[in-house]
Structures are given as C-alpha cells and as structure tokens.
Amino acid sequence: MNKSRNWHMIFNVIIAILSFLSCIILGHVLAALLFELTGKPAELVSYLISAIMGFLIFVGIAKLASEIFSRTKYGRKHNLMRHQFFDSTLEALNKISRGDFNISITINEHDPFSELAESVNKMARELSSMESQRQDFISNVSHEIQSPLTSISGFAALLKSDSLTKQQREHYIEVIETESKRLSKLSDNLLKLSALESENVPLLLRDFRLDKQIEHAILILEPQWIEKNIDIDAEFEKISIHGDEDLLGQVWINLIHNAVKFTPENGLIKIKLYKNDCQIICQITDNGVGISKEDQIHIFERFFKVDKSRDRSLGGNGLGLSLCKKIIELHNGQIIMESELSKGTKFIVTLPK
Ligand SMILES: Nc1ncnc2c1ncn2[C@@H]1O[C@H](COP(=O)(O)OP(=O)(O)OP(=O)(O)O)[C@@H](O)[C@H]1O
Ligand SMILES: [Mg+2]
C-alpha cells in the first residue's frame with residue numbers, strides 16, 4: 001500500500017515540475033511577443049518579466065484546474081469523502097475522550113490520511129485492552145480483599161458468643177489470624193509487583209551461594225512439607241551467583257511452597273541445581289496434581305489460580321508466579337513449566353552465569 005502511494009506521489013511531483021517548466025516557457029514566449037510590441041527592456045528586466053509571467057500562468061492554471069476538478073463528479077465525490085473521513089475521525093476521537101474505545105474508522109487506502117485513521121484505530125484498540133486489564137485487576141483485587149474480610153468479620157461475630165467451647169474459640173481465632181496474614185501477604189505482593197514493574201527497578205546485586213539460598217528456602221518451608229510427609233530430594237552443585245539475594249530468595253520460596261501445596265501427602269519433590277557452560281539451571285519437580293494444558297498458558301498471569309476454591313483453602317492469591325517471572329526476567333533469566341495433569345509439575349529456572 002505504501003509503495004503504490006510513493007509511486008503516486010513521485011508521479012504527481014513529476015507532473016507538477018513539468019507543468020511548471022511548461023508555464024515558464026509559455027511565459028517566456030508571451031513576454032517575447034509583448035517585447036515585439038513594446039520594445040525589449042534591459043536583459044535582467046526582461047528575464048524577470050518573463051519569469052513572473054510564467055509563474056502567474058502556472059498559478060492561474062493550477063487554480064483553474066482545481067476549480068474545475070472540484071466541480072466534476074469525481075472531485076465532488078473526493079471532497080465528500082474527505083469531509084466524511086474528517087467527520088468520522090473527529091467523532092472517533094471524541095468517543096475516545098469520553099472513554100468509549102469501541103470505534104473503527106473505515107480506511108480508504110488511497111486517501112493520504114489513511115495512516116492517521118490506522119493510528120487512531122490502533123490507539124483505540126490498545127486503550128481498550130488496557131482498560132479491560134485495569135478492570136480485571138480491580139475486580140481481582142476487590143475479590144481477594146473481600147473474601148478474607150468476610151471470613152474475618154464472620155468469625156469475629158461468632159467469637160462474641162459466650163457459649164463457645166475452648167476448641168471452637170481457638171479455631172475461630174486461627175481462621176482470623178490466617179485470613180489477616182493472607183490480606184497482609186496480598187498487599188505485600190501487590191506492592192512488590194508494582195515496584196518491580198516500574199521502569200527502573202534498583203536491583204541490589206551481590207555475590208552469594210545459590211545452593212545455600214535454596215537449602216535455606218527448603219528449611220523455611222519444613223513445617224509444611226513435614227506436615228504432609230512429603231520427601232524432598234535435593235541435588236545441588238556449589239554455585240555462586242551475582243544477583244539480588246532477597247528477590248531470588250522469594251522465587252525459590254514460592255516455587256517450593258507451590259510444589260508442597262499442590263502435592264498430596266507422601267508425595268515427592270525433587271530439586272536440582274546445576275550449571276553448564278553459560279547457564280545456571282534449577283529444576284523443581286513434584287508429583288502432585290499437575291496443571292492441564294488449557295491452564296498452563298495462564299499460569300504466570302496475575303491472580304490466576306487453577307481451582308479458585310481449592311487454592312483459596314491453601315491460602316494463595318495467585319500472585320506468586322507472576323512475581324517469580326518478573327524477578328527472573330530482571331536477572332535476564334527464564335522460567336518455564338512442564339506439567340501433566342495428575343502426574344506432576346516441573347518448573348525450570350535458567351539464569352545467566
Ligand atoms: N507445582 C504446582 N502444581 C500444580 N499447580 C500449581 C503449581 N504451582 C502453581 N500452580 C497453580 O498455579 C496457580 C498460581 O500459582 P501462584 O504461585 O502464582 O499463586 P498461589 O500459589 O495460588 O498464590 P500466592 O503464590 O500468591 O500465595 C496456583 O494457584 C495453582 O493453581
Ligand atoms: Mg504461590
């Protein structure tokens with residue numbers, strides 16, 4: 001489309017130059033005829049007069065041509081189309097300014113302003129997708145805040161009763177405590193995500209032992225895997241890395257915690273850390289519930305949980321993996337996942353050496 005437009009423009013320029021030259025020659029001829037009658041003035045003045053005559057002829061012809069063109073059927077149609085184009089573009093821009101992004105300006109590829117129309121259409125599409133992401137985000141956050149708050153207020157109301165047994169009271173207090181922790185984790189993760197997504201994230205880079213860090217993450221999560229009688233099979237090479245220790249620590253905690261959460265009792269989690277010539281690789285494999293092919297594509301999206309009700313009882317907000325992905329990307333690494341439903345899941349993190 002652009003190529004044909006370029007040729008069209010070159011053709012118009014050539015025609016304009018040729019017409020201009022013809023008018024200058026015509027001006028010259030007419031001036032010569034005039035000088036026959038009046039006598040020839042000085043050389044410079046005669047050149048000037050013939051040039052001015054040529055230019056005036058050119059302007060006159062151009063004006064006449066455009067006047068005739070605008071009166072022809074084609075010219076009227078052309079003007080009408082241009083008016084329609086500007087009207088619809090203006091209307092589209094007004095709609096966008098009112099927050100309505102559902103617009104589409106009809107594009108006529110021969111129109112010199114078609115690129116403007118394409119840009120307005122593209123802008124509307126992008127704004128619309130940003131708007132729906134914003135709405136999803138708000139509804140997800142509200143939902144994640146609303147559910148624990150409902151539990152907290154419900155159980156707090158129950159606690160007012162005098163006829164509760166000690167066991168019941170302890171259970172209610174425990175629920176309130178868990179749900180409060182969930183709320184606090186949600187706000188913490190949201191703050192972290194928004195900080196990591198801002199343009200310039202200051203990474204606190206330093207050298208540290210990655211194998212020791214992953215061992216530490218396993219230890220922190222010991223109560224959870226011991227409770228489910230899960231076996232942890234760890235195979236680590238001694239590896240030092242230059243990275244942000246705090247951020248990378250969160251990656252291992254979330255991946256191992258997920259493996260523990262989504263593996264039934266007596267399961268097995270294998271964690272392997274090794275390196276090759278240019279990469280450090282960490283694999284975390286579980287033999288848990290696995291993730292279906294349809295869900296795998298959404299797994300790194302914010303707030304995504306495979307089974308909302310089951311995952312709720314496990315206490316997550318669905319932000320862990322999006323945080324992991326962001327952190328790994330900030331370290332110029334990659335995180336991928338392989339999984340089979342009911343067989344298990346493997347997360348593979350690769351980091352540059
Ligand atoms: N190892 C795994 N096995 C099976 N499903 C998993 C595994 N890891 C993650 N998932 C699925 O992916 C979802 C998203 O995981 P993510 O870590 O982002 O959130 P979460 O663990 O639910 O909550 P959060 O990490 O914010 O506390 C989980 O809810 C779960 O459904
Ligand atoms: Mg998680």
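The values are calculated or read from the model by the stated rules, or taken from the named source; none is laboratory data. The structure presented is a predicted model; accordingly, all values stated were derived computationally and were not measured. Using ideal geometry, Cβ is built from the backbone for each residue, glycine included, and neighbour counts are taken over all protein chains shown. Ligands, DNA and RNA are excluded from the accessible area calculation, which covers all protein heavy atoms including side chains. Shrake-Rupley method; radii C 1.70, N 1.55, O 1.52, S 1.80 Å.
Contact map, region 254-267: first residue farther than 18 Å from Asp188 by Cα and not assigned by TED's automatic domain parsing to the domain that holds Lys185, second residue outside any helix (DSSP H, G or I) and open to solvent by 40 Å² or more (accessible area, probe 1.4 Å), Cβ cut-off under 6 Å, separation 6 or more or different chains; pairs are Lys261/Leu314; Phe262/Val289; Glu265/Lys228; Glu265/Asn229; Asn266/Asn229; Gly267/Asn287. The test for being out of contact with any helix residue (DSSP H, G or I) (no Cβ under 7 Å at 6 or more places or on another chain), among the polar types (S, T, N, Q) and within 30 Å of Thr285 (Cβ to Cβ) holds for Asn140.
Does region 196-214 contain at least one residue that is within 20 Å of Asn254 (Cβ to Cβ), away from ligand 2 (no atom under 16 Å from the Cβ) and free of Cβ contacts under 8 Å to residues at least 24 places away in the same chain? Checking region 196-214: at least one residue is within 20 Å of Asn254 (Cβ to Cβ), away from ligand 2 (no atom under 16 Å from the Cβ) and free of Cβ contacts under 8 Å to residues at least 24 places away in the same chain. Applying the criterion of being over 24 Å from Asp307 (Cα atoms) and more than 36 Å from the chain's Cα centre (by Cα) to the residues of region 237-277, the residue that is least open to solvent (accessible area, probe 1.4 Å) is Glu237.
Every listed requirement among (1) within 19 Å of the chain's Cα centre (by Cα); (2) open to solvent by less than 90 Å² (accessible area, probe 1.4 Å) is met by Met130 save one, (2). Condition check: in a loop (DSSP other than H, G, I, E, B) and closer than 27 Å to Ser184 by Cβ. Does Ile299 satisfy that? The answer is yes for Ile299.
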